[in-house]
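One structure below.
The values are calculated or read from the model by the stated rules, or taken from the named source; none is laboratory data. Computed from a prediction, not measured in an experiment: that's the story for all the values here. Note that we place each Cβ from the backbone using ideal geometry, even for glycine, and neighbour counts take in every protein chain shown. To get the accessible areas, we keep the full protein, side chains included, count just its heavy atoms, and leave off ligands, DNA and RNA. Shrake-Rupley method; radii C 1.70, N 1.55, O 1.52, S 1.80 Å.
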Amino acid sequence: PPAVRGSEGLYMVNGPPSFTESAAFQRDSGKNCKAVAFSKDGSFFAWCNGEKVNVVNVTRAELLHSFDLPKTVCLEFSPKNNVLATWQVYATAKDGTAGTPNLQLHDLRTGKCLKSFIQKKMQNWCPCWADDESICARNVNNEVHFFENNDFNTIANKLHLQKVSDFVLSPGAQPTKVAVYVPGSKGAPSFVRLYQYPNFGGPQSALANKSFFKADKVTMLWNKKATAVLVVASTEVDKSGASYYGEQTLHYLAASGESAVVQLPKNGPIYDVAWSPNSVEFCAVYGFMPAKATIFNLKCDPVFDFGTGPRNAAYYSPHGHILVLAGFGNLRGQMEVWDVKNYKLISKPVASDSTYFAWCPDGEHIVTATCAPRLRVSNGYKIWHYTGSVLHAHEVPSDEEMWQVSWQPFLDGVFPERAVKYQAVPSELPRTEPRPAQAYRPPALRNKPVTSSKLHEDEPPQNMKPQLGGTDKPLNKTALKNQRKHEAKKAAKQEAKADAHQGPAQVRAPQNAPQNAVPAVTTGDPEVDKKIKNLKKKLKAIEQLKEQAAAGKQLEKNQVEKIQKEAALLKELEDLELGV
């Protein structure tokens, strides 16, 4: 069931199909609930109500522990539920001496505090565990300290590079790998390195290394199988002034040592990147609006392009068979639900004013929510089936706020993957299609027929996999149009040649030429032949440039000028071939 936190207190709701308030969890009606957390398997739940941190066993509905930590603002369980980490805002003592430790690690079996640390920043406050809890790591003064088997009194290992500003442990079984980010300084590039614990002996022992300029911060994403990491590097400011999002680049590092820059065919920000749970594909949403979304394989080649649309986020379902592309934040909440095995669109629901989106662990349901403080009006949540039906909607009273909603997690394999449905599942709620906003029309045009004027044409989705039988990439509309033009011109030229060379000037092809070769037509004047050959070469280069432009590639200034000369070159070629 989802847990809901807001000004009305904290409560749990039974999941589909009943959506009633859960009797297993006693509602906490305090208005001060600052933080909540489920354990990774969903069996434990912890919250701070401004007085105490309480931990309950959700399945048995019993209170396990109550810790006297009223100022706690962050909570997290270790992967196997042995430890609860709590963080309070750090405060120095009145006389300016160091404050008391504000990060506590509690043993959930005994309720004892295992260790307290001083952790000043809220960002990356929580130690990171390997999934089996054999190691735990935290960043202390730009070096990573490792503890083994939850013994926090002994530092078992240290990873010390110039200045480690961020690190991520790999998911899954042993051996654990570590991705570390070291920001560049004094003209040196930033880099991300992958190590296998505990081999930290300098650059030679690294599994992979990728250095890059243009990075003020990075996001590192491991795939589920821990074979590769995606790194989104971004600068705070775009020096070219093209975007106020700063500038982003996407890099790929494999644990086998390969690394690459992922080439994105449209300029602009990278809004979101998500690994498929199958670990062999990832989806990127990028480019100035309307944004493109593309699925890439592990060679960083595009596999499927979703065209362009109003979107800035991508969410794979837990089983990886469905992908939702959505436009939240400053976009209107349009969602596209795709079956990614067959690349078919399932539904296009709209969840306007959403500040939160999450898949239910069953891979069938979705929650969207409007939460404060991001939006203070119309707070509430909706539970959808991915086919577009709203199964349950809850709006809080106008004088109240909702701050958070989160699904109870379950381990992989608890819910089996089900076949994809395309028909909207029945719902007891009436379907409310949002009314399309009427465009403003000046009085002079109000009684005249509507002419549609789009600011831009959206690109259609297209499969980028090589088609059977041919290795060419599928062409989009513009490229096809250019190809047809090209073929028409070719045919016209051939006819013109045939007409011009009816006379004795036509030279027969040499006997040893293959039967299907086009006979080389000459004018009898070697100088003119040479010019014709050169012109054809230039025209061929222009065709290639036009195809690249049609595929969305940004052309250089000199390339654009080349294309503009096409008409003059064609005229010259025609004159030479006709012998004018």
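Points worth noting:
One line per residue, one yes/no per condition, for (1) farther than 30 Å from Asp412 by Cα; (2) aliphatic (A, V, I, L, M):
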| position | (1), (2) |
| --- | --- |
| Val180 | no, yes |
| Gly187 | yes, no |
| Leu221 | no, yes |
| His251 | no, no |
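- Considering residues of the range 169-211 that are hydrophobic (A, V, I, L, M, F, W, C) and open to solvent by 10 Å² or more (accessible area, probe 1.4 Å) only, the residue farthest from Glu133 (Cα to Cα): Ala188
- For the range 1-65, the strands (runs of 3 or more DSSP E) that sit wholly inside it and include 3 or more residues that are within 28 Å of Leu391 (Cα to Cα) and without any contact (Cβ under 8 Å) to a residue 40 or more places away in the chain are 9-12.
- Restricting the range 361-375 to residues that are open to solvent by less than 10 Å² (accessible area, probe 1.4 Å) and part of a strand (DSSP E or B), the residue that is farthest from Pro349 (Cα to Cα): Ala369
- Restricting Gly42, Gly50 to residues that are under 30 Å from the mean Cα position of the chain (by Cα), at positive phi, surrounded by fewer than 20 Cβ atoms within 10 Å (Cβ to Cβ) and of a type in the set (Gly, Ala, Ser) narrows the list to Gly42.
- Pair list, Cβ < 6 Å and 6+ apart or interchain, from the range 368-386 residues that are basic (Lys, Arg) to residues that are surrounded by fewer than 24 Cβ atoms within 10 Å (Cβ to Cβ) and not in a loop (DSSP other than H, G, I, E, B): Lys382/Val390; Lys382/Ala393
- Output for the range 223-259, where each listed residue is under 16 Å from Ala206 (Cα atoms) and open to solvent by less than 40 Å² (accessible area, probe 1.4 Å): Ala226, Ala228, Val229, Tyr252, Leu253, Ala254, Ala255, Gly257
- Within the option set Glu428, Glu433, Glu400, being at pLDDT below 90, of a type in the set (Asp, Glu) and touching a Ser or Thr at 6+ places or on another chain (Cβ under 7 Å) holds for one residue only, Glu400.
- Residue among Gln119, Gln123 that alone is outside any strand (DSSP E or B), free of Cβ contacts under 8 Å to residues at least 12 places away in the same chain and either closer than 25 Å to Val182 by Cα or in contact with a Phe, Trp or Tyr (Cβ under 7 Å, 6 or more places away or on another chain) (or both): Gln123
- Among the residues of the range 74-116, those identified as of a type in the set (A, V, I, L, M) and either assigned to a strand (DSSP E or B) or open to solvent by less than 30 Å² (accessible area, probe 1.4 Å) (or both) are Leu75, Val83, Leu84, Ala85, Leu103, Leu105, Leu108, Leu114.
- Test: residue in the range 329-347 that is within 16 Å of the chain's Cα centre (by Cα), open to solvent by less than 20 Å² (accessible area, probe 1.4 Å) and acidic (Asp, Glu): no
- Selection from the range 272-289 of residues that are open to solvent by 50 Å² or more (accessible area, probe 1.4 Å) and under 24 Å from His321 (Cα atoms): Asn278, Val280
- Total residues in the range 12-37, condition open to solvent by less than 20 Å² (accessible area, probe 1.4 Å) and within 20 Å of Arg376 (Cα to Cα): 2
- Residue within the range 352-361 that is among the polar types (S, T, N, Q) and touching a Ser or Thr at 6+ places or on another chain (Cβ under 8 Å) present: yes
- Among the residues of the range 260-271, those identified as part of a strand (DSSP E or B) and crowded, with 20+ Cβ neighbours inside 10 Å are Ile270, Tyr271.
- All positions within the range 235-259 that are farther than 14 Å from Gly287 by Cα and part of a strand (DSSP E or B): Thr235, His251, Tyr252, Leu253, Ala254, Ser259
Listed here are the residues, each with its yes/no results for (1) among the aliphatic types (A, V, I, L, M); (2) crowded, with 20+ Cβ neighbours inside 10 Å; (3) assigned by the TED database to the domain that holds Leu230.
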site: Ala291; (1), (2), (3): yes, yes, no
site: Thr294; (1), (2), (3): no, yes, no
site: Asp301; (1), (2), (3): no, no, no
site: Pro310; (1), (2), (3): no, no, no
site: His321; (1), (2), (3): no, yes, no
site: Leu325; (1), (2), (3): yes, yes, no
